[in-house]
Amino acid sequence: MNMQMTSQVDSASDAAQAGPVIEARDLNLVFGSGETSVHALKDINLNINKGEFVSFIGPSGCGKTTFLRCVAALETPTGGSLSVNGMTPEQARQSRAYGYVFQAAGLYPWRTIAKNIKLPLEIMGYSRAEQDQRVAEVLELVELAGFGGKFPWQLSGGMQQRASIARALAFDADLLLMDEPFGALDEIVRDHLNEQLLKLWARTNKTIGFVTHSIPEAVYLSTKIVVMSPRPGRIHEVIESTLPRERPLDIRDTPEFIEIAHRVREGLRAGHGHD
Amino acid sequence: MNMQMTSQVDSASDAAQAGPVIEARDLNLVFGSGETSVHALKDINLNINKGEFVSFIGPSGCGKTTFLRCVAALETPTGGSLSVNGMTPEQARQSRAYGYVFQAAGLYPWRTIAKNIKLPLEIMGYSRAEQDQRVAEVLELVELAGFGGKFPWQLSGGMQQRASIARALAFDADLLLMDEPFGALDEIVRDHLNEQLLKLWARTNKTIGFVTHSIPEAVYLSTKIVVMSPRPGRIHEVIESTLPRERPLDIRDTPEFIEIAHRVREGLRAGHGHD
Amino acid sequence: ADEVKLQLKWVTQAQFAGYYVALDKGFYGEEDLDVTILPGGPDIAPTQVIAGGGADVTVEWMPAALAAREKGLPLVNIAQPFKSSGMMLTCWKDTGISEPADLADRTLGVWFFGNEFPFMSWMGKLGISTEGKGPEGVEVLKQGFNVDPLLQRQADCISTMTYNEYWQVIDAGVAEDELVTFKYEDQGVATLEDGLYVLEENLEDPEFVGKMERFVRASMKGWKYAEENPDEAADIVLDNDASGAQTEVHQKRMMREVAKLTSGSNGALDAADYERTVETLLTGGSDPVITKTPEGAWTHAISDAALN
Amino acid sequence: MKTVVAVLTVVAAIVGLWYLACVPMNIKGVLDAAERAGEQVEPATARERREASALGLVAQNSFAIDRVWSVDRPRLPAPHQVVVELWQTTVMKKITSKRSLIYHAQVTLSATLLGFAIGTGLGILLAVGIVHSRVMDMSVMPWAIVSQTIPIIALAPMIIVVLYSIGVQGLLPKAIIAAYLSFFPVVVGMVKGLRSPDHMQLDLMKTYFASGNQVFWKLRLPSSMPYLFTSLKIGIAASLVGAIVGELPTGAVAGLGARLLAGSYYGQTVQIWSALFAAAILAALLVALLGLIERVLLGRMGVKA
Amino acid sequence: MELVFLAFLVWCAGWWINARLANGPRADTRAVGLLVPVIFGLTILLVWELLVRGLDVPLVILPAPTLIAVRFADSLSILWQDFAQTILKGALGGYVIGCSAAFVTAILVDRSDFLRRGLLPVGNFVAALPIVGTAPILVMWFGFDWHSKAAVVVVMVFFPMLVNTVAGLREASEMQRDLMHTYAASYWQSLLKLRLPAALPFVFNGLKISTTLALVGAIVAEFFGSPTVGMGFRISTSVGQLALDMVWAEIVVAALAGSLFYGLIAALEKALTFWHPSQRGA
Ligand SMILES: Nc1ncnc2c1ncn2[C@@H]1O[C@H](COP(=O)(O)OP(=O)(O)OP(=O)(O)O)[C@@H](O)[C@H]1O
Ligand SMILES: Nc1ncnc2c1ncn2[C@@H]1O[C@H](COP(=O)(O)OP(=O)(O)OP(=O)(O)O)[C@@H](O)[C@H]1O
Ligand SMILES: Cc1ncc(C[n+]2csc(CCO)c2C)c(N)n1
Ligand SMILES: [Mg+2]
Ligand SMILES: [Mg+2]
């Protein structure tokens, strides 16, 4: 995907050349105060470099979502430092440096698929012609060409989720933040979307932050797996994947894959008790 | 679990000795008519014997739920024959021959856990004393002893799901139908519940029909895996598990497990395109 | 005791003092009657109540009663405690109105709900159309419950009763010489007000007739007592007012004004007054209130028996 | 707490605006009175003032401004006048006095509550019928909507007369009008509530082979409670309006409606306003009471409010 | 007495036909959906007619439907004038002013959490002011013509509309708002593209409630003073003249106009919120 970038995004990606895309130093975030306060993120140190695919995995409440939201400037850390493309997260947000994909597709039911994808483009002030062109391109990319005129509720869950990814891709952010994007889908559709996401990532060389609950999914997709543990939310372990970048689906039956999955599972188990 | 049975259920289980618990012959079900009709089940032939743990897996819309609902007499087949414990499904329903567990826990928020479990007992007219005794027993069984007085929303998702299983166990049906009971839970909680479900099955010798989207879950739990394919909904393949009945969690890293999982995945892929 | 239900035309006030006095002083009890007085109010049509059997006898104005009779509800006047009419039109003097002819091209407030008939007849007689403003017509407003339209100068004139609304205008701080009034009596278009009416069919029942004889006798005793003791009568009215809205000053003044209207009557309907009322209503311009001379709309049988 | 501060601020703002509004609203009356008292006003006659704009009059006669808040029969009474009247007709009067607003409120309240009980009962019955019978659903529901487009106040006198004619008098006629206004929100809310259990919950009951009665008592009714309370709150306010409306054609003898009417009849604006506020306060109290019952009941049922 | 018995028979027959239709195979078609309430309405009319005749109910208490129909047909021009005065001027005028004012206020209020907290309880309080008290005051302020009726309607519809719109503007989910935030969308962009569309179902709820309120408000306000035209005027005057057939003819007009008005808004809702689950289900 080789679309033209707005000048803002240009400067953002220049900055990325200089250092890591995401850099967290002693990041802390405490919700509330007093008795009922929740230490959602504690002393997080993490670098994510350009072109990496980083998965966050961990039990419910360990702060995966919170970390991603900090990066997106939807949450303000209470301590430490966090930079995105060398800027503060807030600056990065205002320069529209990232696309964010939520767990549920969250398409607007009153807009068609095409109009949903156009939404960020309208807001960012792209011209009509460019809007149409980009919509066509990303619909192609997520294999939804021909469905632009449908309403979200006329599509299956998997197709909706692909549309929501297309929406995040439509403007050229180099960073893609995805919070359990496939959580609501069944395994087979999920496999397929995983495959497509990998291809997309290979083609566009985007940096991706990806939250998931599924060990196979994390292992299959990532170059780096961040295993987190709850109460307080910490990074338990960072596992670098030894798998090649080229990954057919049945790589999942290889011993290497199983070995990494095993390590992730062990990490998860060590990090928490159940419930 | 060795509870006393009502006379109705007694006769039902007598019948079970004679033949398979569930027996489907050329079962067909078409929803609607004309242009918009959906062939949800086509020529299903299947025997499930007493004490088996049968998983149904397949892409969305392949008729897994529909089949389970036919067994439960919540749906009426349009062709072929189906018997449950040697009776028609409707008779089986009226003799309360099975417990049904839905995807979401579906506990009533205005009843405590104990009262939720009592619900079927009240409806079936058990005595107060017996109700209390059974509630205590099944709470123990699903490791929720002590939580009877809590309201559902005071419990975690996993605990809620266990309570809903307890509810289906409270009256002594020999057949348990479960439609994606763990679909909404995260992987680690799910692992744990899978383990417990297996133990429970081993102890009570119930027959279980289980719908899932997860290949590892199906392989880990089942003695028999029914792979289905959609449009029209058919049985693509029935895979008998060679795993022993005793299954620790890390059986999932054994080559035998992986081999079966691979076969299931292949079956799924062969059976359908995506979406 | 025999039960009698009396439906009033309006809320509890000195306008109906005679009945409350008769009740309070035990005049009804002396006649072995158990009388229930049902106050009226806006949107309560006494004719409709009596038609529905909710009351045995009702206080009503004759135009409304005759109109109802023509509509097929045979009401009969059995007594007429009010001799003269208290209706008038009250206008701001500074609008330049000084005689009826000046009313043309003005905005006038009128009571409806069956009380519009005298006004319509009067306008008919004057040859003034009520269809809208113009050299030959007036704009008519359906006046609400109070005298605000005049005070707020939304209307040049409004309908008032000598005993009630007129004094409310005065109480609002307006001086009498700021106003011009036209009494219907003076304009020769007076119609009979506040008579007692019953259903014709009931008069065939001797027992009912007997009851009514006693009722009229006691009521008139009440009226005459009220005329002689206006302050006491007003106090009795105040005691019976459940809304607690009436004031002593206003009711005492009202009682004195009402006494002026009732003093001329011993309770029997004066046939001449009746003829004049019918005459007025029949000649009411293009759209008269009644179209033919009514038959049997009154009887002396009861008042004669009661009062002699 | 935050809410209290916010509400107080808004109320303060409204009261401020209200005081301001009194100036143009009442200036003409004040000037008329001043003229009658022989003072020099500009323009000099009521006739001329009638055409003048209120703000212009204020500018020309600034000496009279402070009188607009103490007019006897104001077009718009000042807030403190209403408060004083409320105080004097509630706290300062014996409850049994006919001049006590509490006495009148209690008269209205009894009709309101009776009507509310009838309306709610009827509404629930209708809703149960509608949910259980397709015929009821298809034939009654559209007419229930139409019934609300009929101006009940127009019908009220006739209803009262018809009831009179069959010998029903006293509280009941008013209550019936109150019931007419309150049944509709209850029907709508209750139908929604009884239909709120999803397919899964109904199917669960089927797998238990539960009878229709059991489904109703154990599933539909409990699920409908939150909906019921929402509509009860609307219903009781409607019921109060109905009771007040019903008081007009029943001879307007007592009750807040009678107070409103009498106030209007005698041009006692302050009395109208205080009766009006008494009615709104009564409504607020009733709604708050229902809210309390809801919290306790649903809390005991375990449903988070 | 036979007529009363006949009325009972008609009732049973009507119910039986409807039961057949509603539980029959075509129950879900549009035609049956319309037919069943119509049959129900006709049954009621017939029963009414038969009872009134059978029991000799006086005309001045309750006229028979046929009489009302005759009166209706004979008085079309008066009914039309009244309709124009009360509905077209009073009700519609007040409805448009009240609803749009409430809508704009809601958008302003929504910007400030503080205002919303403060205004809504006060709004609910004001909405509880009974119309019989406000109407005379507004007639005093705004005169006898339709302006005061419109003012009554404004007062009646303002708060239901405000409360609904404010609730609707909060309807957009946290996630949808966050999405707008990640786009660094401006206030107006997120209002126009997210919160207003999401609020539409609530807005329409308010609009629908307001239709009946507007009608009833305009008619009732005329009881407290009016020119000599208008539905409320005609109703109260006709009661006084015992012309009950005219009263009912006006009520028929009110019911027709109300149902039409409601139906219009409901149709508009269907067209604009077709995407909402409540509309899709139907
Ligand atoms: N706005 C908030 N206010 C207070 N506490 C919060 C808030 N958001 C999250 N938390 C708490 O912070 C902790 C981390 O939450 P977070 O949503 O990041 O977890 P997660 O890892 O995404 O979990 P899940 O897998 O369930 O999505 C949790 O304990 C949560 O309850
Ligand atoms: N009540 C119904 N009316 C019409 N079609 C139906 C109905 N229920 C199910 N279907 C259709 O029947 C087919 C099978 O549905 P079913 O729910 O059994 O699938 P499933 O395998 O359980 O899918 P999922 O994994 O999504 O739960 C689907 O195409 C579905 O759309
Ligand atoms: C709506 C309404 N209708 C009629 C009258 C007239 N009215 C009937 S009896 C009576 C005597 C009271 O002083 C009066 C004036 C009114 N005032 N308000
Ligand atoms: Mg999360
Ligand atoms: Mg399913």
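The values are calculated or read from the model by the stated rules, or taken from the named source; none is laboratory data. What you see is a predicted model; the values in this text were computed from it and never measured. Methodologically, a virtual Cβ is constructed for each residue, glycine included, from the backbone with ideal geometry; neighbour enumeration extends over all protein chains shown. All accessible areas refer to the heavy atoms of the entire protein, side chains included, with ligands and DNA or RNA removed. Shrake-Rupley method; radii C 1.70, N 1.55, O 1.52, S 1.80 Å.
Consider the range E:226-269 and keep the residues that are open to solvent by less than 20 Å² (accessible area, probe 1.4 Å) and among the acidic types (Asp, Glu). The one that is nearest to the other protein chains (Cβ to nearest Cβ) is E:GLU250.
Among the helices (runs of 4 or more DSSP H) confined to the range C:24-78, the ones with at least 1 residues that are aliphatic (A, V, I, L, M) and away from ligand 4 (no atom under 16 Å from the Cβ) are located at C:46-51, C:62-70. Output the residues belonging to the range B:218-257 that are in contact with a Lys or Arg (Cβ under 7 Å, 6 or more places away or on another chain) and of a type in the set (S, T, N, Q). The answer is B:SER241, and nothing else. Scanning the range C:244-277 for residues that are more than 16 Å from the chain's Cα centre (by Cα) and among the β-branched types (Val, Ile, Thr) yields C:THR247, C:VAL249.
Can you tell me which of B:LEU121, B:LEU175, B:LEU107 is within 29 Å of B:THR66 (Cα to Cα), open to solvent by less than 10 Å² (accessible area, probe 1.4 Å) and touching a helix residue (DSSP H, G or I) at 6+ places or on another chain (Cβ under 7 Å)? It is B:LEU121.
Tell me whether the range B:257-274 contains one or more residues that are within 16 Å of ligand 5 (Cβ to nearest atom) and not in a helix (DSSP H, G or I). Checking the range B:257-274: at least one residue is within 16 Å of ligand 5 (Cβ to nearest atom) and not in a helix (DSSP H, G or I). Where residues in the range E:202-221 are open to solvent by 20 Å² or more (accessible area, probe 1.4 Å) and within 15 Å of E:ALA106 (Cα to Cα), which of them is nearest to the other protein chains (Cβ to nearest Cβ)? Restricting to residues being open to solvent by 20 Å² or more (accessible area, probe 1.4 Å) and within 15 Å of E:ALA106 (Cα to Cα), the top hit is E:ASN205. Of the residues making up the range C:198-223, just one is out of contact with any Ser or Thr (no Cβ under 8 Å at 6 or more places or on another chain), within 26 Å of D:VAL253 (Cα to Cα) and either surrounded by fewer than 18 Cβ atoms within 10 Å (Cβ to Cβ) or among the aromatic types (Phe, Trp, Tyr) (or both), namely C:PHE215. Quick check on this structure: which one of A:LEU198, A:LEU243 is out of contact with any Asp or Glu (no Cβ under 7 Å at 6 or more places or on another chain) and of a type in the set (A, V, I, L, M, F, W, C)? When all the criteria are applied, what remains is A:LEU198. What's the total number of residues in the range A:47-81 that are within 23 Å of A:ASN205 (Cβ to Cβ) and either open to solvent by 10 Å² or more (accessible area, probe 1.4 Å) or within 16 Å of ligand 3 (Cβ to nearest atom) (or both)? Residues flagged as within 23 Å of A:ASN205 (Cβ to Cβ) and either open to solvent by 10 Å² or more (accessible area, probe 1.4 Å) or within 16 Å of ligand 3 (Cβ to nearest atom) (or both) within the range A:47-81 amount to 4.
Do we have D:LEU163 as touching a residue at least 60 places away in the same chain (Cβ under 8 Å), in a helix (DSSP H, G or I) and within 13 Å of chain E (Cβ to nearest Cβ) here? So D:LEU163 fails the test. Scanning the range D:4-13 for residues that are closer than 14 Å to E:VAL109 by Cβ and either open to solvent by 70 Å² or more (accessible area, probe 1.4 Å) or at the interface with chain E (Cβ under 7 Å from one of its Cβ atoms) (or both) returns D:ALA6, D:VAL7, D:THR9, D:VAL10.
Just one of the numbered conditions (1) away from ligand 2 (no atom under 16 Å from the Cβ); (2) under 30 Å from A:LEU185 (Cβ atoms); (3) at pLDDT below 90 is not true of B:PRO181: (1). Among the residues of the range A:225-240, write down those that are at pLDDT 90 or above and either open to solvent by less than 20 Å² (accessible area, probe 1.4 Å) or not in a strand (DSSP E or B) (or both). Matches in the range A:225-240: A:ILE225, A:VAL226, A:VAL227, A:MET228, A:ILE239. When the residues of the range B:1-40 are filtered to those that are over 18 Å from B:ALA73 (Cβ atoms) and in a strand (DSSP E or B), the one that is modelled with the highest pLDDT is B:ASP26.
Per-residue answers, yes or no, for (1) among the β-branched types (Val, Ile, Thr); (2) closer than 23 Å to E:ARG195 by Cβ; (3) open to solvent by 20 Å² or more (accessible area, probe 1.4 Å):
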position: A:GLN103; (1), (2), (3): no, yes, yes
position: A:THR112; (1), (2), (3): yes, yes, yes
position: A:ALA136; (1), (2), (3): no, no, yes
position: A:LEU144; (1), (2), (3): no, no, no
position: A:ALA170; (1), (2), (3): no, yes, no
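Quick grid of which residues meet (1) at pLDDT below 90; (2) under 20 Å from D:GLN169 (Cβ atoms); (3) not charged (D, E, K, R):
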residue	(1), (2), (3)
C:TRP10	yes, yes, yes
C:GLN15	no, no, yes
C:ILE37	no, yes, yes
C:GLY41	yes, yes, yes
C:ILE44	yes, yes, yes
C:GLY53	yes, yes, yes
C:PRO63	yes, no, yes
C:GLY72	yes, no, yes
C:ILE78	no, no, yes
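Total residues in the range B:178-199 satisfying the condition of being of a type outside the set (Val, Ile, Thr), within 23 Å of B:THR112 (Cβ to Cβ) and open to solvent by 10 Å² or more (accessible area, probe 1.4 Å): the figure is 3. The residues of the range D:57-101 that are small (Gly, Ala, Ser), surrounded by fewer than 18 Cβ atoms within 10 Å (Cβ to Cβ) and outside any helix (DSSP H, G or I), listed by number, are D:SER70, D:SER97. Condition test on A:ASN116, is it within 15 Å of the chain's Cα centre (by Cα) and open to solvent by less than 30 Å² (accessible area, probe 1.4 Å)? Against the criterion (within 15 Å of the chain's Cα centre (by Cα) and open to solvent by less than 30 Å² (accessible area, probe 1.4 Å)), A:ASN116 does not qualify. Within the range E:167-178, the set of residues being within 17 Å of A:CYS70 (Cβ to Cβ), facing chain A (nearest Cβ under 8 Å) and either among the aliphatic types (A, V, I, L, M) or under 34 Å from the mean Cα position of the chain (by Cα) (or both) comprises just one member, E:MET175.
Close Cβ contacts (under 8 Å, 6 or more residues apart or on different chains) running from residues in the range E:9-38 that are open to solvent by 60 Å² or more (accessible area, probe 1.4 Å) to residues that are of a type in the set (A, V, I, L, M, F, W, C) and assigned to a helix (DSSP H, G or I) comprise E:TRP11/E:VAL47; E:TRP15/D:VAL135; E:ILE17/E:ILE39; E:ASN23/D:VAL135; E:ARG26/E:VAL32; E:LEU35/E:LEU21.
For the range B:112-156, residues that are within 25 Å of B:HIS192 (Cβ to Cβ) and among the basic types (Lys, Arg) total 2.
Of everything in the range D:170-200 that is in contact (Cβ under 8 Å) with a residue 12 or more places away in the chain and surrounded by fewer than 19 Cβ atoms within 10 Å (Cβ to Cβ), the residue that is farthest from B:ARG96 (Cα to Cα) is D:LEU171.
Strands (runs of 3 or more DSSP E) fully within the range C:99-186 that include at least 2 residues being under 21 Å from the mean Cα position of the chain (by Cα) and within 14 Å of chain E (Cβ to nearest Cβ): C:107-110, C:139-142, C:157-161.
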